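Novice: Before I ask anything, here is the structure I am working with.
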Amino acid sequence: MKRTERVGAMIHILSQNPNKVFSLAHFCEMFGCAKSSISEDAALARQALEASGLGCIETAAGAKGGLRYVPFISEKEADALLTELCDKLNDRGRILGNGFLYTSDVMFDPGITKRAARIFAARFAQSGGDYVVTVETKGIPVALMTAELLNLPLVVIRRESKISEGSTVSINYFSGSAERVQKMSIAKRAVKAGNRAIIIDDFMRAGGSVKGIRDMMREFDVEVAGTGVVIAAKTPEKKKVQDYFPLLYLGEVDEDAGTIELSRNEDIFTVNLKE
């Protein structure tokens, strides 16, 4: 293969497997080249990705070292995503009553959730998480894509236990949005004591569901390494959880006037999204 062909193939393989380490020997065997040639190929691939703002290729040292692709999102792209989200959600036809908006089409849009996941992946890349955890159902797409970018397994907590899950643990929690006691369930095999979890969800009002997830993790002696939500309501101001990272804030939803107050979390740009 010519060098340009090897570089193209290398970029494709690495970018399709974010944060997964591939040894130099893997590419040497695949392309029939010496390590010196593969190192030069990797340098060209790194330059191409960084110049186009699509991510970077890192060299991992040690016995298990090699190359890995680390995705990031530029501030310009993140800004464009927040603008698109505000534009899509600021539609009076989405108002459902009681301060709720219809968001299913947005949360299940791969183009949107993939870019949102890139922000969460950049935010929690150094958190040392072992899992990405969410609760069914609308948070699953963005949580799954975040897990893919971080090369971590996804754990989905169910509202009701299923026989296919085997032995489960269930807890009751108070949902601030529904203002009633609800139940969530997780398979005993899903997580292990001593691990760390990153919580990703689509929407948070009072924080009852997120607190429920944290309580569930505590039952397994799993530490929460971070919490990200796509939209966080401004009210109630006092949440059941304090440490969380939203992309958007939802303020007053006036049914009579048909107005929706949305604002960005400007603090996302205090994080180096290229790390």
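Novice: Scan (1) closer than 20 Å to Ser15 by Cβ; (2) within 10 Å of the chain's Cα centre (by Cα) for the single condition Val133 breaks and write down its number.
Specialist: Against the list (1) closer than 20 Å to Ser15 by Cβ; (2) within 10 Å of the chain's Cα centre (by Cα), Val133 comes up short only on (1).
Novice: For Arg46, state whether it is free of Cβ contacts under 8 Å to residues at least 12 places away in the same chain and crowded, with 17+ Cβ neighbours inside 10 Å.
Specialist: So Arg46 fits the description; yes.
Novice: Can you name the residue in region 125-180 that is hydrophobic (A, V, I, L, M, F, W, C) and part of a loop (DSSP other than H, G, I, E, B) and is also farthest from Ile199 (Cα to Cα) among such residues?
Specialist: The extreme case among them is Ala178.
Novice: Which members of region 236-250 meet the condition of being surrounded by 14 or more Cβ atoms within 10 Å (Cβ to Cβ) and either more than 24 Å from the chain's Cα centre (by Cα) or in a strand (DSSP E or B) (or both)?
Specialist: Phe245, Pro246, Leu247, Leu248, Tyr249, Leu250 - these are the residues of region 236-250 that are surrounded by 14 or more Cβ atoms within 10 Å (Cβ to Cβ) and either more than 24 Å from the chain's Cα centre (by Cα) or in a strand (DSSP E or B) (or both).
Novice: Additional query: Where in region 2-116 are the helices (runs of 4 or more DSSP H), entirely inside, with at least 1 residues that are in contact with a Cys (Cβ under 7 Å, 6 or more places away or on another chain) and among the hydrophobic types (A, V, I, L, M, F, W, C)?
Specialist: 35-52
Novice: For region 71-99, which positions are closer than 30 Å to Asn19 by Cα and touching a Gly at 6+ places or on another chain (Cβ under 6 Å)?
Specialist: Within region 71-99, Pro71, Phe72, Ser74 meet the criteria.
Novice: Between a first residue in region 223-235 that is acidic (Asp, Glu) and a second residue that is surrounded by fewer than 20 Cβ atoms within 10 Å (Cβ to Cβ), which pairs have beta carbons less than 8 Å apart while being 6 or more apart in sequence or on different chains?
Specialist: Once the first residue is acidic (Asp, Glu) and sits in region 223-235, its partners that are surrounded by fewer than 20 Cβ atoms within 10 Å (Cβ to Cβ) give Glu223/Asn195; Glu223/Arg196.
Novice: For region 206-230, what are the residues that are surrounded by fewer than 23 Cβ atoms within 10 Å (Cβ to Cβ) and in contact with a Ser or Thr (Cβ under 7 Å, 6 or more places away or on another chain)?
Specialist: Ala206, Gly208, Ala225, Gly226
Novice: Looking at region 190-221 only, could you name the residues that are part of a strand (DSSP E or B) and closer than 15 Å to Phe245 by Cα?
Specialist: Once the filter is applied, which keeps residues that are part of a strand (DSSP E or B) and closer than 15 Å to Phe245 by Cα, region 190-221 yields Ala197, Ile198, Ile199, Ile200, Asp201, Asp202, Phe203, Met204.
Novice: Select from region 9-56 the residues that are over 25 Å from the mean Cα position of the chain (by Cα) and at positive phi and list them in ascending order.
Specialist: Gly32
Novice: I've got another one for you. Name the residues in region 138-171 that are surrounded by fewer than 18 Cβ atoms within 10 Å (Cβ to Cβ) and touching a Pro at 6+ places or on another chain (Cβ under 8 Å), would you?
Specialist: Asn151
Novice: Continuing with the same structure: Return yes when Lys76 is modelled with pLDDT under 95 and over 29 Å from Pro110 (Cβ atoms) and no when it is not.
Specialist: Taking the combined requirement at face value, the residue does not satisfy it.
Novice: Kindly list the number of the only condition in (1) within 19 Å of Phe203 (Cβ to Cβ); (2) modelled with pLDDT under 95; (3) surrounded by 14 or more Cβ atoms within 10 Å (Cβ to Cβ); (4) of a type outside the set (Val, Ile, Thr) that fails for Leu82.
Specialist: That leaves (2) as the condition not met.
The values are calculated or read from the model by the stated rules, or taken from the named source; none is laboratory data. Here the structure is a predicted model, which means the values were calculated and not measured. FYI the Cβ positions are ideal-geometry reconstructions off the backbone, even for glycines, and counts take in every protein chain you see.
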